[in-house]
Amino acid sequence: MSEIDYPTNWNYRFPGDGRRLHMRFRRNWGPTGGPVFDGTGQLIAVVIHPGRRDNNATIALSRPNVNFDLVEDVLDGFGEWAWTGGTAPRRTISLDIIVRRLAACGLAVTATA
């Protein structure tokens, strides 16, 4: 799978969770003979915490097989509306707020991760 990273110098967090996370969109491969990627995938958080057993573990933020452009529309401006602290360039972004917004648009499995 090929993944699209969101700003990697930002801190992505769930309340009470001290792990360092990155937010990514994991793209689905397209059909043989077609485009490389089919325009769908899943928004995920990835544990980036070397030395931890759960390093590189993923947490689903959206349902699988959602349209990338639709997710991008929902996330538009998330650096402002999901920002809970820190200063540029090390903003802290609430993944809980992002998941709730995805859920309100029918793109998340549950309202909290």
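Is it true that R19 is farther than 16 Å from R101 by Cα, in a strand (DSSP E or B) and touching a residue at least 24 places away in the same chain (Cβ under 8 Å)?
On the way: farther than 16 Å from R101 by Cα: yes; in a strand (DSSP E or B): no; touching a residue at least 24 places away in the same chain (Cβ under 8 Å): yes.
Against the criterion (farther than 16 Å from R101 by Cα, in a strand (DSSP E or B) and touching a residue at least 24 places away in the same chain (Cβ under 8 Å)), R19 does not qualify.
So that you can scan it fast, the table gives a plain yes or no per residue for (1) part of a loop (DSSP other than H, G, I, E, B); (2) in contact (Cβ under 8 Å) with a residue 40 or more places away in the chain:
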position: P15; (1), (2): yes, yes
position: R26; (1), (2): no, no
position: P31; (1), (2): yes, no
position: G34; (1), (2): yes, no
position: T40; (1), (2): no, no
position: G51; (1), (2): yes, no
position: N56; (1), (2): yes, no
position: I59; (1), (2): no, yes
position: S62; (1), (2): yes, yes
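Note on segment 73-88: residues that are surrounded by fewer than 15 Cβ atoms within 10 Å (Cβ to Cβ), touching a residue at least 12 places away in the same chain (Cβ under 8 Å) and assigned to a helix (DSSP H, G or I) amount to 2. Taken residue by residue, segment 96-108 has at least one member that is out of contact with any helix residue (DSSP H, G or I) (no Cβ under 7 Å at 6 or more places or on another chain), under 15 Å from Y12 (Cα atoms) and of a type outside the set (A, V, I, L, M). Checked against the criteria, A45 counts as touching a Phe, Trp or Tyr at 6+ places or on another chain (Cβ under 7 Å), surrounded by 19 or more Cβ atoms within 10 Å (Cβ to Cβ) and closer than 21 Å to R20 by Cβ.
None of the figures in this text is laboratory data; all of them are computed from the coordinates on show. Computed from a predicted structure; not experimentally measured. Cβ sites come from the backbone with ideal geometry, for glycine too, and all protein chains shown count toward neighbours.
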